[in-house]
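Report on the structure given below.
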Amino acid sequence: MMSTPTLTKNQQTPAGTAAPAAVTAAANQGNEPVARTPKAGAARLRSGARLAGRGIWGSGAIILFLLLWELGPTYLAPASTRVFLPPLHVVLEALASLVEKGQLQSHLAASLSRSASGFGIAVVAAVALGLLVAWYRSLDSFLNPLLEVFRNTAALALLPVFTLLLGIGETSKISIVAYAAFFPVLLNTIAGVRTVDPLLIRAARSLGLSNFQLFQKVILPSAVPTIFTGIRMAGTSSILVLIAAEMVGAKAGLGYLIVNSQMSFLIPDMYAGILTVSLLGLLVNYLLVAVERHFSRWRTAVGSQAA
């Protein structure tokens, strides 16, 4: 039998002929990197553009407001109005001056200590009472008329009463903050407990859970979102009521800074204090949202499993 001839290492293809395309591709397969398709990069660019567009649109109203604040007093309002409504850059300069002197930090620390104390007392008392009122119907029927009376009485209407009974010191301010923050947490705690699925309670009872275990394992986790809605409302109320209380009788605090600057005709300092209050309220809200997400992680886990 005749063997088929093979090309040796030294043999070459005839002149004018090219190597087969398959052989060339096989030879270059391990040497050249695979080129990335441009579709993936374009998709990433489109996704980034969409996110940037959403961010700009979401902050567009704030940007327009700040531009109006900066340009309005200079180009739209008469010259006499600029005294009472300075442009934004003047307010920011006053804010930086207050920070440099250390005045803003001292006033902010005084307001934070008062609001945090009153807010903490209100949350602890309101959650505890709300759980009891929602669980025991007899206690609810006994306390509900009195709670409705005080709930419909504005906290600022009782500010003179707190001042007369407790003085103009720290006790009256902490007490009125606690009063203002108490009812939003109380009402949302009651609503959160009463909206727990009865099937969950029956299942827990059938498993032999005690009352304490039932509150710990079933009722509190289910009521957390509703409770934190009240806590967020209470956080805003505590700051607003405290500012009003500090305007009446105080020697430190953001409310005192605002009203004292207004009386001393330091208008940029007054707006700097107002801007600080707004930023403080925004920061408190974001902080409470983060705490709510931490305590509501079970909802995310259940939702991901269901999906």
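FYI, it's all coordinate maths here, none of it is from the lab. Every value quoted in this text rests on a predicted model; they were computed, and no experiment measured them.
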- Whole-angstrom Cα spans of segment 118-245 along principal axes, big to small: 55, 26, 19
- Straight-line reach check, Lys217, cutoff 15 Å on alpha carbons, 8 or more apart in-chain or any other chain, hits among aspartates and glutamates -> Asp197
- Item | Per-residue HN-Hα couplings for segment 189-202 [Karplus 6.51, -1.76, 1.60; θ = phi - 60°; Hz; x = Gly/Pro] | 5, 4, 5, x, 5, 6, 9, 5, 4, x, 5, 5, 5, 5
- If the convex hull of the alpha-carbon atoms of segment 75-122 is projected onto planes in all directions, what is the mean projected area in square nanometres? 5.1
- Take the alpha carbon atoms of segment 233-256, find their center, do the same for segment 62-99, and report the distance between the two centers in whole angstrom. 24
- Rounded to two decimals, the Debye log10 I(q)/I(0) of segment 53-184 (Cα scatterers, no solvent) at q = 0.21 Å⁻¹ is -1.12
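Using 0.36 nm times the number of residues separating Ser264 and Gln105, minus their current alpha carbon distance, what extension gain do you get?
Here the segment from Ser264 to Gln105 would lengthen by 55.3 nm.
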- How much length, in nm to one decimal, is gained on full extension between Thr74 and Leu282, taken as 0.36 nm per residue of separation minus their Cα-Cα distance? 72.1 nm
- Dividing the Cα radius of gyration by the Kirkwood radius, what Rg/Rh value follows for segment 153-307? 1.14
- Query: For segment 116-121, what does the Karplus curve 6.51 cos²θ - 1.76 cosθ + 1.60, with θ = phi - 60°, yield as ³J(HN,Hα) per residue in whole Hz, taken in order and with x for Gly and Pro?
  - Reply: 5, 5, x, 5, x, 4
